[in-house]
Every structure is written in structure tokens, then in C-alpha cells.
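Report on the structure given below.
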Amino acid sequence: MRILAIGECMAELAPLGGPGEFKIGYAGDTFNTAWYLAKISPNTEVAYFTAVGDDKLSREMRAFIDRTGIDTSHICEISDGTVGLYMIHLSNGERSFSYWRNSSAARRLADDPDALDRAIEKADLIYYSGITLGILGPQSRENLLGALQKGRDVGKTVAFDTNIRPKLWSSTEEMKRSIMRAAELSDIVLPSFDDESAWFNDDCPTATLERYARHGVERIVVKNGEHSVVYQDGNIRGEVPAKPETSAIDTTAAGDSFNAGVLLSVLEKSDFRAGISLGCQLASYVIQAKGALVPVDALRVTA
């Protein structure tokens, strides 16, 4: 099975502990999920679709992705671009970010519809996010959604993490409209309740689930921090307790690693509920270390 993740990988400045001390890494929401999938399922073919520049930082990031074993053959190179940069700020384990991404080549990742079609043609499952949509201009966004629709029409599975980031959008209405349109052409939607309650006024996770179900989504998994996950799989609804964890050091990539567990169950056509449990296990482990990409080799991953 082969998954194609689409989005932006950025240079990451993660705090080391001392004032002004940071280390540089590479991360981004859809890339993080691809990275965790490659780690927990070495036999799964994982590819990443983005755009980078031709500068030193872009070359270093692409080399890093290559070393992870993720297929970079569909990464586009844009001569006058570079990669975006973000800095993590931590307070009692919770994170916030500062971003520098105006010159990011990834904002043009969907400029070439033919390149998108070629990459999607080789995949069984395509995964993208609300951040992927938000960084794109209107025409590039149309190119991406059109390519995803064509892929779904020929039997590809499309998975979407809503990952709502209002600062990426020109207006709240454009953001909400685009999120729901993307959900309607996706087989799996992976929203986070805190985002959904803030921007769609859902009063509980089940309200989020029901809203996406009304728009025709077959599989929905609503993340809710340390609280239980509610899900729908066709006609089946259920709830999976999140693994309690009181020692959170850095919640960066908690949701991204969770998604890897869920998507693995889809790729392997295994029990969906077990995939959600695996996602909870991964997220609980990941938040006990700093940075987006936490080595999980020592974790005995079980569904």
C-alpha cells in the first residue's frame, strides 16, 4: 500500500531549554504524519508531495526527508523559493508558534495540476490538511481539490485533517467554506474539537461528528486532547478513551502522530477502532519529548 501526503514541510526551531537556545529540524503537520507512518510501518510506501526552493536550506531539508525513507520523487523545485520557518514556544507543555513562510515554495505546490495527477495516480491513500489548503492561493487550491476529486473518482481513498489555522485565510467565511468543501470530497475526516468548537460553534465532539456526517463523510474521528475520541465508521459510532498522560513536555505533533495510527489501520484494512487506540498510544508517547518528530523505535506499537 502507498500513501501520498501533501503539504508543507518547514524548518523548525525547537527550544533546547536554555534562554535563546534552539535546534533546527524539519517538520510540518502532514509531513509529521508521513514520518510517523514510515516509522511505525516500514513496509508501507510513504511519499511526500510539496515544493521547495533551490537554496541550501531547501536542499538540506530534501536530503533529510530522503534519509527518512520517504519518497521525495514528487517534490517540486521552484528556483526563486525557499522553505518556511517556524519557532516553537512552550509554556507548561503547551505550545504556540511564530511563523515566517511568505517566501515558502510550498505555497505553490499545486501550481502544476499535471504533477499532482501523476503523484496521486501512484497512491492508494492521499492525505492533506486545512493547512495545506490555507497556504495556497485560490487557483492552486482549486487545482488541488480538483486533483483529489479525480483521484477519488477512480477509487483512491482521501483523508483530511481539518487543522484550522485562521491566520492563513483571507476571511473566516472563506476558511469555513473551503474546509467543508474539502470534507465533502474526503472519505476520512480527522477534526480536533477545540478548533471545531471555536469556528463552527459545535457544543460537543458529537456535534462535530454529526456535522461532518451530514455532509456525507463516512469515517470521522474527532480528537479532543486528553478526553475520549468519538468516531463514526459507516453506520457504527463509538468512543475510545484517550490514554491519560500527566507528564506532557511538548504537545507538538500530538494530533499528527495520532493520525498516523488511524491511517495505518485504513491502509492495512484492519480494525478502525484499534487504529484509533494506536493513535492515542502514539500521541501519549510523543508529547513526553520535545519537538515534532520523536523517535518511536523504543515504543512497542500495538493496535
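Since every read-out is calculated from the coordinates, none of them should be taken as a lab result. If you're wondering where the values come from, they're calculated on a predicted model, not measured in any experiment. Here the Cβ is made from the backbone with ideal geometry for all residues, glycine too, and neighbour counts use every protein chain on show.
At 15 angstrom or more along the helix axis (alpha-carbon based) and mean Kyte-Doolittle of 0.5 or higher, what helices does the chain contain? Whole DSSP H runs only.
Span-like helices in the chain: 254-267, 272-286.
Could you check the simple spin-label distance between Lys150 and Asp114, using points 7 Å along Cα→Cβ, in nm with one decimal?
1.1 nm
Under the rule of at least 5 residues apart or a separate chain, name every residue whose amide H is placed under 5 Å from the amide H of Leu293.
Hits under the 5 Å cutoff: none.
If I take R0 = 45 Å and measure r between the Cβ atoms of Ala207 and Asp55 in this structure, what FRET efficiency does the formula 1/(1 + (r/R0)^6) give, to the nearest 0.05?
Plugging the Cβ-Cβ distance into 1/(1 + (r/R0)^6) gives 0.50.
I want to verify a result. In a Gaussian network model of the chain, Cα cutoff 10 Å, which of these has the top mean-square fluctuation: Leu13, Leu190, Leu282?
Result: Leu13 has the largest fluctuation of those listed.
Which of the following values of P(r) over Cα pairs in 10 Å bins from 0, in percent was calculated from the structure shown: (1) 5, 21, 23, 17, 10, 7, 5, 4, 3, 2, 1, 1, 0; (2) 6, 30, 39, 22, 3, 0; (3) 5, 23, 26, 19, 12, 9, 4, 1?
From the options (1) 5, 21, 23, 17, 10, 7, 5, 4, 3, 2, 1, 1, 0; (2) 6, 30, 39, 22, 3, 0; (3) 5, 23, 26, 19, 12, 9, 4, 1, the structure gives (2).
For Asn102 and Asp66, FRET efficiency with R0 = 25 Å and r from the beta-carbon atoms, rounded to 0.05?
0.40
At 7 Å along the Cα-to-beta-carbon direction for both Arg177 and Arg2, put a label point, then send me their distance in nm to one decimal.
For the pair Arg177/Arg2, the computed spacing is 3.6 nm.
Just how many pairs of Lys in region 2-286 have C-alpha atoms closer than 16 Å, counting pairs that are eight or more places apart or on different chains?
Eligible lysine pairs with Cα atoms under 16 Å apart amount to 5.
Return the single residue from Ala289, Ala51, Ala63 with maximal mean-square fluctuation; model: Gaussian network over the chain, springs between Cα atoms under 10 Å.
Ala63
Using modelled backbone amide H atoms (1.01 Å from N, in-plane), which distant-in-sequence or interchain residues come within less than 5 Å of Tyr127's amide H?
Correct list: Leu4, Ala5, Ile6, Ala159.
Subtracting the Cα-Cα distance from 0.36 nm times the residue separation, let me have the gained length for Ser228 to Ser270 in nm, one decimal.
13.0 nm
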